[in-house]
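Asks: Got a structure for you, written out below as structure tokens; questions coming shortly.
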Protein chains: 2
Amino acid sequence: MSLLSLQTKLTAGVMSVVLAIASFSSLAAHPNLVITQNDVIKMRSALDSKGHFSERYYSLKSQVDQEIAFPSVVPVPKDGGGGYTHERHKKNYQLMYRAGIIYQLSQEQKYADYVRDMLLQYATLYPSLDVHPKRKVKSQNPGKLFWQSLNEAMWLVYTIQAYDLVHNALTDQQINTIEQQLLRPVALFLSEGQPTTFNKVHNHGTWATAGVGMAGYVMNEPEWVEKALYDLDKSGKGGFLKQLDLLFSPQGYYNEGPYYQRFALLPFVTFAQAIAHNEPERKIAEHRDGILLKAIDTTIQLSYNGLFFPINDAIKSKGIDTIELVHGVTVAYSLTNDTGYLDIAKQQGQIILSGDGLKVAQALDKGLATPYEFKSAAFGDGNDGKQGALVVMRTQVGGNQALLFKPAAQGLGHGHFDKLTWQFYDHGNEIVSDYGAARFLNVEAKYGGRYLPENNSYAKQTVAHNTVVVDETSHFNASVSVGNRNAPTLNFFETSNVGTVSSGEISTAYNGVELARTLALINVPELDSTIALDVFDVTAQAEHQFDLPLHYKGQLIDTSFALRANTTQLAALGSKNGYQHLWLKGQAKPKNGLAKVTWLNDNGRFYTQTSLVKGDESFLFTQIGANDPNFNLRNENGFIRRVNGQKKHTFVSVLEPHGEYNPSKEYTLEAVSRVTKLEYSQQGDLTLVELDIKGKSYLVAINKAQNATKNTFTFKNKEFTLNGRLGVYAMKNNQE
Amino acid sequence: MSLLSLQTKLTAGVMSVVLAIASFSSLAAHPNLVITQNDVIKMRSALDSKGHFSERYYSLKSQVDQEIAFPSVVPVPKDGGGGYTHERHKKNYQLMYRAGIIYQLSQEQKYADYVRDMLLQYATLYPSLDVHPKRKVKSQNPGKLFWQSLNEAMWLVYTIQAYDLVHNALTDQQINTIEQQLLRPVALFLSEGQPTTFNKVHNHGTWATAGVGMAGYVMNEPEWVEKALYDLDKSGKGGFLKQLDLLFSPQGYYNEGPYYQRFALLPFVTFAQAIAHNEPERKIAEHRDGILLKAIDTTIQLSYNGLFFPINDAIKSKGIDTIELVHGVTVAYSLTNDTGYLDIAKQQGQIILSGDGLKVAQALDKGLATPYEFKSAAFGDGNDGKQGALVVMRTQVGGNQALLFKPAAQGLGHGHFDKLTWQFYDHGNEIVSDYGAARFLNVEAKYGGRYLPENNSYAKQTVAHNTVVVDETSHFNASVSVGNRNAPTLNFFETSNVGTVSSGEISTAYNGVELARTLALINVPELDSTIALDVFDVTAQAEHQFDLPLHYKGQLIDTSFALRANTTQLAALGSKNGYQHLWLKGQAKPKNGLAKVTWLNDNGRFYTQTSLVKGDESFLFTQIGANDPNFNLRNENGFIRRVNGQKKHTFVSVLEPHGEYNPSKEYTLEAVSRVTKLEYSQQGDLTLVELDIKGKSYLVAINKAQNATKNTFTFKNKEFTLNGRLGVYAMKNNQE
């Protein structure tokens, strides 16, 4: 049963919170967390019909059958992430959870027995355990079964559900053993035992509160639920509700970025379902104007071609098919009946065996899916939505394209120092890229599978991104705490049929330096093409060196200027702040005019960045890989536009996708940039860019005024009217 | 109508060759090259039925309709490959050919008119042309419409068919103009005008003879056909039949490798069809024991996951869906009715609008396709099949794997200096890789789209491959002519249920140095795994430096030995023979024992090369990209095993695929090599390798005797019997 349906049944919260603390009315019911008794009845009746649900059921049942044919193994904790005992305990909680579901649906005793026996094995092991031998040095949150309590909390989230699912098959004595020797100690260890983690407004805290809160429902400990919701001291300063209030912006953006957003989503969605089923009067789905649904939807929006935009610490292969988002989409469809979510569910190709999962499965059976609409939007950052924003621009003109612009807040410890950076995607691939996290998840040989040292020394540093670096020093001097206190400002965002434009600025990334960037993704339907316009203003009180890197994906094809390559020796570009990881492969100082760099992406298309330069910029061509003794980094390419000794500089450029390279079919089209003119001027608050492309002339006007009302201006003796922020005007045809 | 059906109709060659020279009996018939009048009747009748054929017809018709809506453009030749006029003339001949087919099938006059008008435009232009302005300096074979006559010959191959298809729609005057001003001059230019190219036993010669020969059929010039078949002087020293005799081995391997094989295939297949239709008495399909069919089949065999093995000059994205092989597979199915070819046709997803194409389409409509069987085989090289061989080993144990071993001949000008090199493929990807050709086909900015200078300076050099380099000098000192005169020897090849083994050697790659390599792809079904065993013996008269490079695809994960990386400076490894293009990223000198290098491929799997070393080998880790001023090379990784001052050295190693890295689903399995023991010994002609992997012990025995009969031997006090070349024996279990 969905959150909403349960809640709308209730006219108002009848029971007082005081009463709720005493005991739960639904106490006798098992299961009653994500899956309710009522869900079970409906699910059982769907097993005989052909369709997505029964298909998933029989496939999972056969998997579980294979697994439970082996004796269960509950090893003494020994290994860190990726190691045997770590992976075994992870597997165990997933297996118990699945076996529990199969038990409820099949009503076959053997599945309950398997879960029961494993729980009893854990109940024997757990009391003997000290903190994990492979815990991280100085860690505030070691686990016992796992090296960090985060994994322990995840274990509890799954295991408490498994326990709830098999509860009615257990004897009182078994219940007593499992609760007293295992579930209570784990819940207490994760709450009272680690108050800092439990109360922290952070995804680790969400897993802990979700596990402990659900244990409270199952074991009739309303106090635990209160603490999970409102902090150990029930002050409301921490806890699950505070996490819902602070970790998402009003638009549902999680300030660590989509990689952690999808990770954080699961305990939010899971615990919220449990709350809705046990205490509908809390109206959790309506909390903060439906923040949970917004959070789910925003996670989907922050993907391209099935993968999340890899901002901050993000492993790039994570995408919308992640199990956390499968749960999220399942709940989102159940809450809204929006058939766009079925499109995502279809792409995910996974069905959850729950009441909501049944609803999705049956809708998919009926072919109700409609295309999910990816939109251009500015997702406000911070709990008030005013700490900058993460901006997504999209278009279908000339292919499926996306531009990500990041005038967003720091995003806690996993945040990167990349204010106002951007990324560009086309025809399924990264074109202007972000390194993501430097990490090989669970690969023991790579720093134990943890974040690599190069994550700090390179991936987080500003130069690893596509934004301005002043004096080879990262934003906020790479201080997370300073970064967390200083968000950029989103000046404006607008989307219309001519394209999408956004502008952001920050004056705190460096002392005495203002960074302001305006990016526009402009449709040029006459050319079946899109261009990205970038105007980056740097204004400083003193003279500095300004670097603007662009990390491109592909093979360099051509430059419009002579490039002096370092052919026999390479040296690192710098000694710190990420520069020590860049080999300087070549450099150039293009003359006044247009400086073009063309590369070929693996998608078989060409991309040219045309920069408007005055002869004062150096172009430094780099490859990642210096000071990398363990070959931990990917050897990707980029170039840095650099000016020295400047107080003020404007980096102007357009990025232009063009042509096609098809060696298989043996044709190559438009391998050469079509941009023949790029000029830039200001008229008060108006930025005016003249652009000639493929014989057509355009004037692009961007109104940067605080309030963009209708604006009439004259340019080259012609009069123009601009409504809103972005105007694109076809000028005379120069040539054909 | 197929080659075979036409031929089997005839009991014997009734007409003498002398008679055939005088005139063709089929003279009046148009069309009568690849498509006959009879084919046209059958094809027309298939257009009203739903299916692959009519679908392709209507789709092509609509494409052609779009194209012919524009006025035809026949520009004065100006640009080289990839340039406008080059691409336009290519497009024109394809368009004329297609419009000709649509004319025959639709019987609508407008298609014939379009071809006619374009032919007349060409007839006006052609007499005014001198050789192409962008012809290559010193080229013996410039074209007029194109920079090289190869393209001009391709133009003729298509255009003569187009002309044949619309012939019956032309007036006598139009026929006269087109033949006298265009087709005859082109045919004469490509034959008498360029005797060296026309007579050359080389794919350029095949295109020329095919074009000229077909022109002979269409324009009733039996003399042209004779010259096309038997050399301009009709001596049989050159010409199409000599090409069939010399360019393919008896097994149908084309000595330049599969990339050029598929390219060469089209004129062979096309002209052969025309010969069969016009002069069935020549029994062209039966020529040399059906060499044409073998050539087609071998081209398919020399692919992995849809792409050709990239030996020699090869662009790596070329694969079985190339149009040349679509024609080839169409003919192969028609000749054999082997439904395995339909599997390939299905993967190609293209239907040829011809009589044979109709047969394929109808068979696909009926769902007759069965899986095409890729086999382990040694494809003999050279016209006698005895100039070494190209060896393919395949297995399905532990995934779809292929090992390519190359004790093959040089393969003319496009050959690489890589005797005894190997490549390895698993789960769809390259694992141990070959650079292929250094070329961006038709990309003007990259050296005019031609082979890059780095193709000679790097891609062809021995160090760019996975085989031994002596004293940093390439095989045959990189002399093509020396290479062509000296092929390796295939010692043996054997495939059985335990695996596949092959051995080859060459003593002429270097003066006074014998290179002998034995490779085995061994199934270990108990471990659901395969390993590749490599034993490379180098024996020299004097002391030398021996290098054995391994170019791996992926990210270095771990080495079992300490690696001294060059972290702040990189230098080129050498100054010539390809070494100048390698950055030395790090080095190590592993101690006596097992030296492991583990990498992670993009397919999410780990691969470990375990080398058996005695403490005398250095491991040099390299990245391609030094001395590359225009960023022409891909920056791929490798390592070189090196010994100095040796007369004799045996490089022993196993390559082991293992585990899985799945950051999306957040699991990592078996990231660490399971090989714990590797020992090597010789007993007479027997090579004995002890291998412990994942707690299991195996003895691998390879019989290198000239004649491998039943062999009984004792090893560690146990007796073994080896039938054939390769034995794999499970020994005691060391541990579990």
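The values are calculated or read from the model by the stated rules, or taken from the named source; none is laboratory data. As the structure is a computational prediction, the values presented were derived from the model and not from experiment. Note that we place each Cβ from the backbone using ideal geometry, even for glycine, and neighbour counts take in every protein chain shown. Ligands, DNA and RNA are stripped out before the accessible areas are found, and what is left, the full protein with its side chains, is counted by its heavy atoms. Shrake-Rupley method; radii C 1.70, N 1.55, O 1.52, S 1.80 Å.
Asks: Out of the residues in the range A:258-298 meeting the condition of being under 17 Å from A:Ser334 (Cα atoms) and within 15 Å of the chain's Cα centre (by Cα), tell me which one is surrounded by the most Cβ atoms within 10 Å (Cβ to Cβ).
Replies: Of everything passing the filter in the range A:258-298, A:Ile296 is surrounded by the most Cβ atoms within 10 Å (Cβ to Cβ).
Asks: Would you mention how many residues in the range A:559-571 are of a type in the set (A, V, I, L, M), facing chain B (nearest Cβ under 9 Å), surrounded by fewer than 22 Cβ atoms within 10 Å (Cβ to Cβ) and out of contact with any Pro (no Cβ under 6 Å at 6 or more places or on another chain)?
Replies: Selection size over the range A:559-571: 2.
Asks: Among (1) open to solvent by less than 10 Å² (accessible area, probe 1.4 Å); (2) within 26 Å of B:Glu444 (Cβ to Cβ); (3) away from chain A (no Cβ under 14 Å); (4) at pLDDT 95 or above, there is one condition B:His132 misses while meeting the rest; what is its number?
Replies: Among (1) open to solvent by less than 10 Å² (accessible area, probe 1.4 Å); (2) within 26 Å of B:Glu444 (Cβ to Cβ); (3) away from chain A (no Cβ under 14 Å); (4) at pLDDT 95 or above, the lone unmet condition for B:His132 is (4).
Asks: A follow-up question, please. Any idea which of B:Ala361, B:Ala378 is in contact (Cβ under 8 Å) with a residue 12 or more places away in the chain and open to solvent by 10 Å² or more (accessible area, probe 1.4 Å)?
Replies: Unique residue meeting the criteria: B:Ala378.
Asks: Checking A:Glu736 against (1) at pLDDT 95 or above; (2) out of contact with any helix residue (DSSP H, G or I) (no Cβ under 9 Å at 6 or more places or on another chain); (3) over 20 Å from A:Val501 (Cα atoms), which single condition isn't satisfied?
Replies: (1)
Asks: For the range B:537-558, what are the residues that are over 21 Å from B:Leu515 (Cβ atoms), away from chain A (no Cβ under 11 Å) and either open to solvent by less than 30 Å² (accessible area, probe 1.4 Å) or among the aliphatic types (A, V, I, L, M) (or both)?
Replies: The answer is B:Tyr552, and nothing else.
Asks: Considering every residue within the range B:50-70, establish whether at least one is open to solvent by 50 Å² or more (accessible area, probe 1.4 Å) and within 22 Å of B:Ala123 (Cβ to Cβ).
Replies: Yes, some residue in the range B:50-70 is open to solvent by 50 Å² or more (accessible area, probe 1.4 Å) and within 22 Å of B:Ala123 (Cβ to Cβ).
Asks: If you don't mind, another one. Hey, any hits in the range B:147-156 for a residue that's part of a loop (DSSP other than H, G, I, E, B), open to solvent by less than 50 Å² (accessible area, probe 1.4 Å) and in contact with a His (Cβ under 9 Å, 6 or more places away or on another chain)?
Replies: Taking every residue of the range B:147-156 in turn, at least one turns out to be part of a loop (DSSP other than H, G, I, E, B), open to solvent by less than 50 Å² (accessible area, probe 1.4 Å) and in contact with a His (Cβ under 9 Å, 6 or more places away or on another chain).
Asks: Only residues that are in contact (Cβ under 8 Å) with a residue 60 or more places away in the chain and not acidic (Asp, Glu): list them for the range A:154-164, please.
Replies: If the condition is that a residue be in contact (Cβ under 8 Å) with a residue 60 or more places away in the chain and not acidic (Asp, Glu), then A:Met154, A:Trp155, A:Val157, A:Tyr158, A:Thr159, A:Ile160, A:Gln161, A:Ala162, A:Tyr163 are the ones that fit.
Asks: Something else now. From the list B:Gly574, B:Gly586, exactly one residue is more than 30 Å from the chain's Cα centre (by Cα), assigned to a loop (DSSP other than H, G, I, E, B) and either within 12 Å of chain A (Cβ to nearest Cβ) or in contact (Cβ under 8 Å) with a residue 40 or more places away in the chain (or both). Which is it?
Replies: B:Gly574
Asks: While we're here: Within the range A:463-503, which residues are within 29 Å of A:Tyr729 (Cβ to Cβ), of a type in the set (Gly, Ala, Ser) and crowded, with 17+ Cβ neighbours inside 10 Å?
Replies: A:Gly499, A:Ser502, A:Ser503
Asks: Counting only residues that are of a type outside the set (Asp, Glu) and over 30 Å from B:Lys585 (Cα atoms), which one in the range A:608-636 is nearest to the other protein chains (Cβ to nearest Cβ)?
Replies: A:Thr608
Asks: Consider only pairs whose beta carbons are under 8 Å apart and that are at least six residues apart or on different chains; among these, list those whose first residue lies in the range B:38-51 and is without any contact (Cβ under 8 Å) to a residue 60 or more places away in the chain and under 14 Å from B:Gly357 (Cβ atoms) and whose second residue is among the hydroxyl-bearing types (Ser, Thr, Tyr) and assigned to a helix (DSSP H, G or I).
Replies: The qualifying pairs are B:Leu47/B:Ser54; B:Leu47/B:Tyr57.
Asks: Now a separate question. Any idea which of B:Gly319, B:Gly349 is under 28 Å from B:Asn429 (Cβ atoms), open to solvent by 10 Å² or more (accessible area, probe 1.4 Å) and either within 14 Å of chain A (Cβ to nearest Cβ) or among the hydrophobic types (A, V, I, L, M, F, W, C) (or both)?
Replies: Criteria check complete, one pass: B:Gly349.
Asks: Taking only the range A:650-676 into account, find how many residues are within 14 Å of chain B (Cβ to nearest Cβ) and in contact with a Phe, Trp or Tyr (Cβ under 9 Å, 6 or more places away or on another chain).
Replies: Residues in the range A:650-676 being within 14 Å of chain B (Cβ to nearest Cβ) and in contact with a Phe, Trp or Tyr (Cβ under 9 Å, 6 or more places away or on another chain): 12 in total.
Asks: I'd like to verify a number: residues in the range A:305-316 that are surrounded by 24 or more Cβ atoms within 10 Å (Cβ to Cβ) and either more than 14 Å from chain B (Cβ to nearest Cβ) or over 11 Å from A:Tyr259 (Cα atoms) (or both), how many?
Replies: Residues flagged as surrounded by 24 or more Cβ atoms within 10 Å (Cβ to Cβ) and either more than 14 Å from chain B (Cβ to nearest Cβ) or over 11 Å from A:Tyr259 (Cα atoms) (or both) within the range A:305-316 amount to 3.
Asks: Of all residues in the range B:435-451, which are away from every other protein chain (no Cβ under 12 Å) and either out of contact with any helix residue (DSSP H, G or I) (no Cβ under 8 Å at 6 or more places or on another chain) or surrounded by fewer than 21 Cβ atoms within 10 Å (Cβ to Cβ) (or both)?
Replies: B:Arg450, B:Tyr451
Asks: Right, next: Please verify whether B:Asn523 is buried (at least 18 other Cβ atoms within 10 Å of the Cβ), outside any strand (DSSP E or B) and in contact (Cβ under 8 Å) with a residue 24 or more places away in the chain, treating the condition exactly as stated.
Replies: The answer is no for B:Asn523.
Asks: Something else: Under 8 Å between Cβ atoms, which residue pairs at least 6 apart in sequence (or on different chains) link something in the range B:633-645 that is more than 29 Å from B:Glu543 (Cα to Cα) with a partner that is of a type in the set (A, V, I, L, M, F, W, C)?
Replies: These pairs meet every condition: B:Leu633/B:Ala438; B:Leu633/B:Ile624; B:Arg634/B:Ile624; B:Asn635/B:Ile624; B:Glu636/B:Ile624.
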